[in-house]
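J.: Shown below is the structure under consideration.
The values are calculated or read from the model by the stated rules, or taken from the named source; none is laboratory data. Bear in mind that the values here come from a model prediction, so they are computed numbers and not experimental data. Neighbour counts are summed over all protein chains in view; Cβ atoms, including those assigned to glycine, are modelled from backbone coordinates with ideal geometry. Remember, those area values only see protein heavy atoms, side chains included, never the ligands or the DNA or RNA. Shrake-Rupley method; radii C 1.70, N 1.55, O 1.52, S 1.80 Å.
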Amino acid sequence: MAAILPDLATQVLVPAAAVVGIAFAVVQWVLVSKVKMTAERRGGEGSPGAAAGKDGGAASEYLIEEEEGLNEHNVVEKCSEIQHAISEGATSFLFTEYKYVGLFMGIFAVLIFLFLGSVEGFSTKSQPCHYSKDRMCKPALANAIFSTVAFVLGAVTSLVSGFLGMKIATYANARTTLEARKGVGKAFITAFRSGAVMGFLLAASGLVVLYIAINLFGIYYGDDWEGLFEAITGYGLGGSSMALFGRVGGGIYTKAADVGADLVGKVERNIPEDDPRNPAVIADNVGDNVGDIAGMGSDLFGSYAESSCAALVVASISSFGINHEFTPMLYPLLISSVGIIACLITTLFATDFFEIKAVDEIEPALKKQLIISTVVMTVGIVLVSWLGLPYSFTIFNFGAQKTVYNWQLFLCVAVGLWAGLIIGFVTEYYTSNAYSPVQDVADSCRTGAATNVIFGLALGYKSVIIPIFAIAFSIFLSFSLAAMYGVAVAALGMLSTIATGLAIDAYGPISDNAGGIAEMAGMSHRIRERTDALDAAGNTTAAIGKGFAIGSAALVSLALFGAFVSRAAISTVDVLTPKVFIGLIVGAMLPYWFSAMTMKSVGSAALKMVEEVRRQFNSIPGLMEGTTKPDYATCVKISTDASIKEMIPPGALVMLSPLIVGIFFGVETLSGLLAGALVSGVQIAISASNTGGAWDNAKKYIEAGASEHARTLGPKGSDCHKAAVIGDTIGDPLKDTSGPSLNILIKLMAVESLVFAPFFATHGGILFKWF
């Protein structure tokens with residue numbers, strides 16, 4: 001029985017959903033841009049009397065605005081000036097980074113072409129299909145060309161996603177600051193709408209580029225769907241390889257500046273965070289945009305591209321691909337299309353249906369976004385599974401075809417979606433200062449930085465337990481129901497609400513920047529309190545976003561691993577064979593090696609930053625008094641130079657490991673390497689992200705002094721607070737450099753192995769051939 005949804009409807013539905021997503025992003029952008037960055041004069045000369053002459057309402061409104069300093073020309077101009085400096089710094093850094101990354105992209109594209117083309121000696125003759133020997137498929141040379149094109153497409157889309165995200169964030173940060181004068185609700189909506197622009201643009205562009213690539217490649221491939229979707233996996237490789245450099249480079253940049261600014265400014269000089277006298281303050285705010293926004297945008301785009309590619313590869317050798325059933329074949333894209341619509345409905349709840357009036361409503365509003373999007377998406381998955389799939393079909397399962405029903409596939413997607421929600425809430429419990437784990441960490445600062453570090457590390461390790469059980473349950477259920485295809489669509493389920501996830505995630509750095517701009521522009525304490533409240537909620541949501549990214553990375557890399565094992569014609573991965581075991585133990589070591597490199601890079605860059613900030617404080621007369629401006633540009637240059645130089649070795653480690661192992665040791669050892677990296681990488685990534693998030697919020701808990709307990713630990717500048725700041729600075733590279741980059745490591749190695757699988761299967765294992 002065929003799917004209810006006709007092929008033509010699928011052809012229309014997927015691009016239509018993408019267009020709706022882009023249109024919604026543009027609408028949100030227009031609404032954000034209505035916040036003017038120029039000071040407006042009212043009522044003739046702008047005097048209170050002139051305003052009062054219009055009517056009583058205008059007069060009272062004017063007085064409220066006067067109280068919040070809304071008509072202060074210089075405040076608005078200062079905000080605009082700071083915003084411009086941050087935007088300029090972020091743009092110049094990304095252009096510098098993209099030059100180096102572009103060079104790498106060119107070299108790697110040539111490698112893909114040469115390796116895959118050499119599988120059949122660059123032959124242009126058709127060959128028997130890998131999975132169906134009785135059928136003829138397109139030559140290996142075609143696969144090499146199209147895989148290379150897909151790689152470049154994925155890489156460019158990833159870079160553009162990151163760049164657009166950064167531009168949106170730097171456009172919105174000062175606007176959020178200015179709206180904070182009218183109340184916390186207005187500021188929240190501005191920050192959230194800006195996050196939504198990024199979320200919807202990225203989700204829609206990722207979907208539409210993949211859809212166009214499938215249709216264009218299909219013109220050449222015709223009925224050879226096996227070859228078509230094998231070539232499409234290059235799209236996922238391109239997306240993730242760019243994300244790796246974005247995450248590592250951006251992470252080193254932001255944390256070098258952050259650690260330098262905090263250690264000298266807060267601990268040594270006892271000045272507030274984001275104080276304009278601090279020379280590293282602009283670099284710190286630039287870093288939020290290039291690391292947390294541009295890096296994260298590329299990262300989640302990579303996850304989305306890979307999970308789609310993994311599902312499509314397995315589907316192409318199942319009954320969908322063999323019988324050329326177009327609608328069921330595009331089931332992964334239909335899930336993403338419905339996801340955009342579900343997220344659109346969800347976003348309206350935060351921006352239009354409910355208004356935030358108090359500070360303590362911010363975090364619940366963001367949590368509701370996760371719950372609403374999950375519930376709406378569950379209904380969407382029911383519809384897609386009912387309309388887009390036949391009642392029964394077969395799925396490729398390591399050489400055999402397994403019969404699966406459409407309701408089983410619905411369960412696979414749903415289990416991934418709900419596991420994501422569980423991981424999100426567990427992450428929130430361990431990183432939000434509203435709950436006891438972070439409050440315990442804050443309390444441990446009473447006895448100094450050492451006990452703070454001990455408690456923080458313990459919290460991070462403990463926070464791994466429930467997410468791992470959730471991931472394990474998802475894998476067991478989805479694999480039992482629909483083999484590796486089930487795991488791939490479970491990952492897609494977790495990422496189906498990517499637009500909302502990204503909106504919540506991008507909201508954090510935008511709020512952080514808004515607080516920094518308020519401090520630098522010398523705005524009132526009340527406004528800084530509002531931006532701090534937005535930022536504290538954003539910190540927790542950023543940790544939730546990282547939880548989603550890591551959880552989905554585990555499922556995606558397992559699905560890619562399954563596709564690789566099938567493509568490399570490995571019948572079983574036997575851990576007891578020495579070939580596999582050596583790969584396993586080395587693979588488990590790689591995340592530690594990678595983390596060591598990224599942590600050391602942040603440490604060395606921070607060392608230079610601390611020395612420069614100290615030098616300026618000691619040698620520039622009038623800096624502490626605020627009569628002289630610091631030299632911001634030197635600090636920006638230190639961060640830029642360090643991150644560009646230091647992002648190459650960790651990137652090379654991840655990209656070269658599968659190639660070296662595949663070529664010299666063969667596919668069995670490579671399968672061990674992938675399994676080892678997956679198992680150890682997920683654990684370190686979750687614990688690193690949550691430890692860093694908890695330390696950051698423990699510091700904010702003491703600074704805010706919102707409860708009786710918090711007030712006993714404060715105020716800012718106390719020994720207790722200084723201990724918390726030290727914990728926060730240790731956690732910075734953990735949560736924003738090493739932790740988030742590790743999920744890219746496990747996905748990237750798996751997708752790279754899948755793309756190069758034909759070459760490894762034919763020519764790999766040079767060393768073992770000699771013995």
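J.: Taking the options THR540, THR598, name whichever one is crowded, with 24+ Cβ neighbours inside 10 Å, over 17 Å from the mean Cα position of the chain (by Cα) and not aliphatic (A, V, I, L, M).
T.: Only one candidate qualifies: THR598.
J.: For the condition buried (at least 24 other Cβ atoms within 10 Å of the Cβ), part of a helix (DSSP H, G or I) and at negative phi, what is the one hit in ASP532, ASP512?
T.: Criteria check complete, one pass: ASP512.
J.: Hey, another quick one. Can you go through ASN278, ASN285, ASN323 and tell me which one is out of contact with any Ser or Thr (no Cβ under 7 Å at 6 or more places or on another chain) and surrounded by fewer than 24 Cβ atoms within 10 Å (Cβ to Cβ)?
T.: Working: ASN278 fails: surrounded by fewer than 24 Cβ atoms within 10 Å (Cβ to Cβ); ASN285 fails: surrounded by fewer than 24 Cβ atoms within 10 Å (Cβ to Cβ).
Only one candidate passes the filter, namely ASN323.
Yes or no, residue by residue, for (1) over 22 Å from the mean Cα position of the chain (by Cα); (2) at pLDDT below 90; (3) aromatic (Phe, Trp, Tyr):
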| site | (1), (2), (3) |
| --- | --- |
| ASP352 | yes, yes, no |
| ALA358 | yes, yes, no |
| ILE372 | no, no, no |
| VAL379 | yes, no, no |
| LEU383 | yes, no, no |
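J.: Inside region 1-109, counting only helices (runs of 4 or more DSSP H) that do not spill past its ends, which hold 2 or more residues that are modelled with pLDDT of 90 or more and out of contact with any Cys (no Cβ under 9 Å at 6 or more places or on another chain)?
T.: In region 1-109, the matching helices (runs of 4 or more DSSP H) lie at 7-33.
One line per residue, one yes/no per condition, for (1) buried (at least 24 other Cβ atoms within 10 Å of the Cβ); (2) basic (Lys, Arg); (3) in a helix (DSSP H, G or I):
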position: GLU306; (1), (2), (3): yes, no, yes
position: ILE340; (1), (2), (3): yes, no, yes
position: THR346; (1), (2), (3): yes, no, yes
position: LYS357; (1), (2), (3): no, yes, no
position: GLU361; (1), (2), (3): no, no, yes
position: ILE372; (1), (2), (3): no, no, yes
position: ILE381; (1), (2), (3): yes, no, yes
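J.: Hey, another quick one. Against the condition open to solvent by less than 30 Å² (accessible area, probe 1.4 Å), without any contact (Cβ under 8 Å) to a residue 60 or more places away in the chain, among the hydrophobic types (A, V, I, L, M, F, W, C) and in a helix (DSSP H, G or I), how does LEU409 come out, does it pass?
T.: Against the criterion (open to solvent by less than 30 Å² (accessible area, probe 1.4 Å), without any contact (Cβ under 8 Å) to a residue 60 or more places away in the chain, among the hydrophobic types (A, V, I, L, M, F, W, C) and in a helix (DSSP H, G or I)), LEU409 does not qualify.
J.: Can you give me the number of residues within region 422-438 that are assigned to a helix (DSSP H, G or I), open to solvent by 10 Å² or more (accessible area, probe 1.4 Å) and at pLDDT below 90?
T.: The total comes to 1.
J.: Please find, within region 151-167, the residue that is farthest from GLY287 (Cα to Cα) out of those that are touching a Leu at 6+ places or on another chain (Cβ under 8 Å) and buried (at least 24 other Cβ atoms within 10 Å of the Cβ).
T.: Among residues in region 151-167 that are touching a Leu at 6+ places or on another chain (Cβ under 8 Å) and buried (at least 24 other Cβ atoms within 10 Å of the Cβ), the one farthest from GLY287 (Cα to Cα) is PHE151.
J.: Which number in (1) more than 24 Å from the chain's Cα centre (by Cα); (2) open to solvent by 10 Å² or more (accessible area, probe 1.4 Å); (3) under 17 Å from GLY250 (Cβ atoms) marks the one condition that LYS645 misses?
T.: (1)
J.: Further question: Can you say whether ALA491 is open to solvent by less than 30 Å² (accessible area, probe 1.4 Å) and not in a loop (DSSP other than H, G, I, E, B), as far as the supplied structure shows?
T.: Yes: the conditions hold for ALA491.
J.: With respect to LEU387, determine if the residue is surrounded by fewer than 15 Cβ atoms within 10 Å (Cβ to Cβ), under 23 Å from VAL413 (Cα atoms) and modelled with pLDDT under 95. Write out each step before concluding.
T.: Working: surrounded by fewer than 15 Cβ atoms within 10 Å (Cβ to Cβ): no; under 23 Å from VAL413 (Cα atoms): yes; modelled with pLDDT under 95: yes.
When the stated conditions are applied, LEU387 does not pass them.
J.: From the list THR394, THR403, exactly one residue is in contact (Cβ under 8 Å) with a residue 24 or more places away in the chain, in contact with a Ser or Thr (Cβ under 7 Å, 6 or more places away or on another chain) and surrounded by fewer than 21 Cβ atoms within 10 Å (Cβ to Cβ). Which is it?
T.: Just one listed residue meets the conditions, THR394.
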